[in-house]
Amino acid sequence: MAIKIFKNFLKKVFFTIFKNNKEIKLGFYGPPNAGKTSLANRICKDFTGEEIGSVSKVPHETRNVQFKEKVEIKYKGKTMMFKMVDTPGIATKIDYEDFLKYKIGKKEAKSRAKEATQGIVESIKWLDDMDVVVVVLDSTENPYNQVNITIIGNLVARKIPVLIVANKIDLKKSKIKKIEDAFPEYEVVGLSAKYGNNLEEFYEAIFKLSKKR
């Protein structure tokens with residue numbers, strides 16, 4: 001009897017260790033220039049010393065899904081292992097002429113538009129592999145649009161745990177309340193990926209969601 005109890009105890013310990021060491025696939029989704037890569041970069045830099053990708057004022061700077069594995073996040077004595085997945089900005093339409101405004105040549109603009117379109121398709125495919133998704137929105141923009149509704153709709157259909165980030169709270173035009181009103185069924189965390197403001201609340205929300213997955 002004692003041997004059986006000991007074996008069950010060992011089994012429970014090994015299961016707990018395996019469960020805690022499992023990599024949680026954390027995806028960053030949202031419209032272009034909302035700050036997905038900036039947020040992913042800040043987290044990766046804080047815990048691994050390396051960034052995940054480059055950022056730019058030009059829309060669709062991220063045109064391919066990029067990821068960093070084994071990002072161990074520590075918060076309030078707790079530790080979780082994540083695979084960070086940064087995705088291209090979701091858009092309903094990508095016009096190469098939008099890139100011309102940033103003094104990009106016509107040939108390169110057309111190439112970027114094509115790559116960005118392919119990146120969106122790739123992003124949607126990656127949703128099937130996500131454990132938790134962070135939807136990053138620009139809190140200075142109106143959240144009531146087709147892109148945001150499409151993103152949330154895809155997540156609801158797949159029953160993926162969602163945290164909405166209202167980014168750019170450092171700007172005067174920031175209005176977190178609008179995002180909260182647009183998506184009342186989800187937790188909304190306001191932060192500044194640029195300056196790292198309010199990341200504590202973000203980590204707390206991510207840990208809580210990850211445990212529910």
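The values are calculated or read from the model by the stated rules, or taken from the named source; none is laboratory data. Since the model is a prediction, treat every value here as computed from it, not as a measurement. Note that we place each Cβ from the backbone using ideal geometry, even for glycine, and neighbour counts take in every protein chain shown.
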#### Entry: The listed residue being crowded, with 18+ Cβ neighbours inside 10 Å and not aliphatic (A, V, I, L, M), out of K93, K107, K168
K168
### Query
Just a yes or no: is a residue in the range 167-186 touching a strand residue (DSSP E or B) at 6+ places or on another chain (Cβ under 7 Å) and hydroxyl-bearing (S, T, Y)?
yes
### Message
Test of understanding: among D86, D98, which residue is modelled with pLDDT under 85 and surrounded by 12 or more Cβ atoms within 10 Å (Cβ to Cβ)?
### Response
D98
### Query
Given the conditions (1) within 17 Å of K36 (Cβ to Cβ); (2) within 14 Å of the chain's Cα centre (by Cα); (3) not β-branched (V, I, T), and given that K168 satisfies all but one, which numbered condition is not satisfied?
(2)
## Note on the structure
If we ask which residues in the range 146-165 are exposed (fewer than 15 other Cβ atoms within 10 Å of the Cβ), within 26 Å of K211 (Cβ to Cβ) and among the hydrophobic types (A, V, I, L, M, F, W, C), their number turns out to be 2
### Task
Starting from the range 144-158, keep only residues that are touching a residue at least 40 places away in the same chain (Cβ under 8 Å), then list their pairs with residues that are not in a helix (DSSP H, G or I) and not aliphatic (A, V, I, L, M) whose Cβ atoms are within a distance under 7 Å, requiring at least 6 positions of separation or different chains.
Q146/T92; V147/P31; V147/T92; N148/P31; I151/Y29; I151/G30
### Task
Confirm whether K106 is free of Cβ contacts under 8 Å to residues at least 24 places away in the same chain and farther than 21 Å from E200 by Cβ.
yes
### Task
Residue by residue through the range 82-102, note down the ones that are of a type in the set (G, A, S) and free of Cβ contacts under 8 Å to residues at least 60 places away in the same chain.
G89
### Task
Determine whether the range 67-81 contains at least one residue that is farther than 28 Å from E187 by Cα, free of Cβ contacts under 8 Å to residues at least 12 places away in the same chain and part of a loop (DSSP other than H, G, I, E, B).
no
### Task
Filter the range 17-59 down to the residues that are outside any helix (DSSP H, G or I) and of a type in the set (S, T, Y), then identify the one that is modelled with the highest pLDDT.
Y29
